[in-house]
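The values are calculated or read from the model by the stated rules, or taken from the named source; none is laboratory data. These numbers come from a predicted model, not from an experiment. Backbone-built Cβ (ideal geometry, glycine too); neighbour counts: all protein chains shown.
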Amino acid sequence: MEHMSPALDNMGRTHFHAVIIESITQSKIVFFQTSVFLNMRLSLFSFMAALSATSAFALTPPLQIIIEADKTHPENATATITLPAKQEITLHAPRTQFQPSDTNALQLMCDGVEVLEPYGRALSCRKLQWNVTFQNPREIPLAVANQLNLYSPQGWWSITEWDDIPRFESYSTVEVCGKVQGSDPTLKCADLPTAHEPPLILSWGDAAKTLRTNQTTLTLYKDDPAEALKADNLPALQKQLEYLQSVLGSRTALEQNIDLVWVAIDKKLGQIAGAAGKQAFLANFATSEGTASPEDIAKLHWVSAHELFHLLANTPYPLWISESLAQYYGYKSLKVAGIHSESPMDQWQVFKERFPHAATGLYEAHQKVTGANDPSYYPLFYVKGAAFWQAVDEELQQHGASLDQLMTTFEEPRPSTHKLPQSLLNSLKQSISEERLQELQQQFLL
């Protein structure tokens with residue numbers, strides 16, 4: 001079993017979580033690396049200076065970083081900040097996946113002069129520039145797994161902020177924009193997340209499709225040289241998005257822009273990966289001799305819907321609830337889209353026979369992960385957790401109700417608790433007998 005341990009920041013939250021993407025009925029289980037938050041205590045990002053949002057500069061306009069890519073040399077781009085006039089500006093190190101070092105310092109040019117030690121001191125400049133490099137996933141197959149910046153011969157670029165986007169004093173808002181040299185001058189922009197949010201992932205260039213549903217606009221980019229994904233994959237994704245919006249859309253009053261990047265990878269490499277940021281998600285999909293099997297396509301749509309659930313939902317569920325609901329609704333969205341897959345309960349029946357912590361209840365697993373910093377219990381959130389919600393949903397459906405109806409009234413839990421909200425338990429008791437509900441809790445939670 002492959003399992004990637006989470007990285008942690010100084011606020012006690014981890015920035016990665018695992019999503020099961022291989023069939024549980026096969027001999028191997030592979031986990032996605034993505035971004036989410038949970039309460040832990042180790043430190044990774046303690047070197048980062050937090051952005052201050054005081055009233056002293058509340059009216060300061062956003063600082064804009066423009067990353068200009070060149071089609072003739074797609075592996076290199078230039079990041080530029082142009083200020084209204086020469087002025088002092090102080091930079092701090094970019095966020096990084098690893099411990100900071102001198103080797104990952106930006107080679108910064110201040111009005112054309114290289115700055116050898118750019119961080120933590122005032123620089124007097126009008127124009128700041130530095131280089132940003134991109135990798136072709138067809139040449140570097142593990143680029144998605146390693147969260148590298150990507151460019152696709154199909155005409156798009158995607159940057160993950162690690163090591164490339166510095167932080168700035170005296171600016172409450174920093175906007176990062178991508179553009180293609182010599183093409184449409186329109187910029188694709190996104191606000192730089194704070195140091196304690198999921199990282200920026202910004203994609204721009206030639207999109208495969210833009211899907212709009214209610215308040216959500218989803219832009220899909222893909223690198224699929226053999227055209228393994230067929231035309232019907234996009235309508236299926238649209239149905240998934242519409243379904244998740246119907247379940248969660250009432251919670252989201254503001255417009256949302258989400259980028260989804262699908263990158264083909266040879267199944268022989270045995271490593272399918274993904275990365276999630278704020279309002280964006282990257283995912284590999286497996287191909288063999290240029291084709292993707294129905295099972296591999298189902299995995300891609302399942303994990304994409306899992307991440308869409310996270311991006312659309314804004315209730316701060318406890319970690320196990322957040323992951324298990326996202327996993328279960330990823331599965332339900334497949335059914336709506338007409339994509340066949342084994343069910344979470346089917347997966348759990350096989351998984352529990354060989355997973356060492358299978359007997360551990362979800363409440364205890366949550367405590368092990370968030371309290372004892374033990375990520376080995378994390379897979380339970382996906383397999384056992386999703387199976388729990390399937391069992392609950394099927395009980396509700398037998399009585400003419402469904403979990404979908406309860407999602408819109410899911411109260412925000414108290415920060416100190418990891419148990420099911422009492423309001424949800426009360427709603428469940430209206431359709432499920434108290435005895436049966438206790439059986440389900442004993443089987444999965446306790």
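Would you pick out the residues in the range 330-346 that are surrounded by 15 or more Cβ atoms within 10 Å (Cβ to Cβ), in a helix (DSSP H, G or I) and either small (Gly, Ala, Ser) or under 23 Å from the mean Cα position of the chain (by Cα) (or both)?
First, the residues of the range 330-346 that are surrounded by 15 or more Cβ atoms within 10 Å (Cβ to Cβ): 330-334, 336-337, 339, 341-346.
This time we only want the ones that are in a helix (DSSP H, G or I), so: 330-334, 336-337, 344-346.
Within the range 330-346, Gly330, Tyr331, Lys332, Ser333, Leu334, Val336, Ala337, Pro344 meet the criteria.
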statement: Counting only residues in the range 198-216 that are over 15 Å from Val261 (Cβ atoms) and of a type in the set (Ser, Thr, Tyr), the one surrounded by the most Cβ atoms within 10 Å (Cβ to Cβ) is identified as Thr216
- prompt: How many of the residues making up the range 265-288 are within 22 Å of Gly205 (Cα to Cα) and surrounded by fewer than 23 Cβ atoms within 10 Å (Cβ to Cβ)?
  reply: 2
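Might you check whether a residue that is closer than 30 Å to Ala236 by Cα and either buried (at least 16 other Cβ atoms within 10 Å of the Cβ) or not assigned by the TED database to the domain that holds Asp232 (or both) occurs anywhere in the range 366-375?
No, because not a single residue in the range 366-375 is closer than 30 Å to Ala236 by Cα and either buried (at least 16 other Cβ atoms within 10 Å of the Cβ) or not assigned by the TED database to the domain that holds Asp232 (or both).
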task: Tell me which of these Ile258 doesn't satisfy, since it passes every other one: (1) in a strand (DSSP E or B); (2) out of contact with any helix residue (DSSP H, G or I) (no Cβ under 9 Å at 6 or more places or on another chain); (3) surrounded by fewer than 21 Cβ atoms within 10 Å (Cβ to Cβ); (4) β-branched (Val, Ile, Thr).
output: (2)
query: Mind checking which pairs have a first residue in the range 383-400 that is polar (S, T, N, Q) and a second that is not in a helix (DSSP H, G or I), Cβ under 9 Å, 6 or more apart or different chains?
result: Gln390/Ser343; Gln398/Ser431; Gln398/Ile432
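Among the strands (runs of 3 or more DSSP E) contained in the range 192-244, which hold 3 or more residues that are over 18 Å from the mean Cα position of the chain (by Cα)?
In the range 192-244, the matching strands (runs of 3 or more DSSP E) lie at 209-213.
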- prompt: Taking the condition modelled with pLDDT under 90, of a type outside the set (D, E, K, R) and assigned by the TED database to the domain that holds Ser343, does Leu406 pass?
  reply: no
- prompt: For the subset of the range 349-365 comprising residues that are farther than 15 Å from Lys419 by Cα and in contact (Cβ under 8 Å) with a residue 40 or more places away in the chain, which member is surrounded by the most Cβ atoms within 10 Å (Cβ to Cβ)?
  reply: Phe351
- request: Could you tell me which numbered condition Leu425 fails, if it satisfies all but one of (1) at pLDDT below 95; (2) under 27 Å from Leu241 (Cα atoms); (3) among the aliphatic types (A, V, I, L, M)?
  value: (2)
message: Quick test of your reading of the structure: Leu211 fulfils all but one of (1) aliphatic (A, V, I, L, M); (2) more than 17 Å from Ile81 (Cβ to Cβ); (3) in contact (Cβ under 8 Å) with a residue 24 or more places away in the chain; (4) not assigned by the TED database to the domain that holds Asn284. Name the failing condition by number.
response: (4)
task: With the condition kept exactly as written, say whether any residue in the range 402-425 is part of a helix (DSSP H, G or I) and aromatic (Phe, Trp, Tyr).
output: no
- request: Kindly check whether there is at least one residue in the range 137-158 that is surrounded by fewer than 21 Cβ atoms within 10 Å (Cβ to Cβ) and outside any loop (DSSP other than H, G, I, E, B).
  value: yes
field: Complete set of residues in the range 314-329 that are surrounded by 24 or more Cβ atoms within 10 Å (Cβ to Cβ) and among the polar types (S, T, N, Q)
entry: Ser324, Gln327
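Name every residue in the range 281-312 that is over 18 Å from the mean Cα position of the chain (by Cα) and small (Gly, Ala, Ser), in order of residue number. Explain how you work it out, then say what you get.
At the first step, the residues of the range 281-312 found to be over 18 Å from the mean Cα position of the chain (by Cα) are 286-298.
Answer for the range 281-312, where residues must be over 18 Å from the mean Cα position of the chain (by Cα) and small (Gly, Ala, Ser): Ala286, Ser288, Gly290, Ala292, Ser293, Ala298.
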message: Checking Phe355 against (1) in a loop (DSSP other than H, G, I, E, B); (2) more than 26 Å from the chain's Cα centre (by Cα): exactly one of these is not met. Which one?
response: (2)
- request: Working only within the range 235-290, note down all residues that are of a type in the set (Phe, Trp, Tyr) and over 16 Å from Ala143 (Cβ atoms).
  value: Tyr243
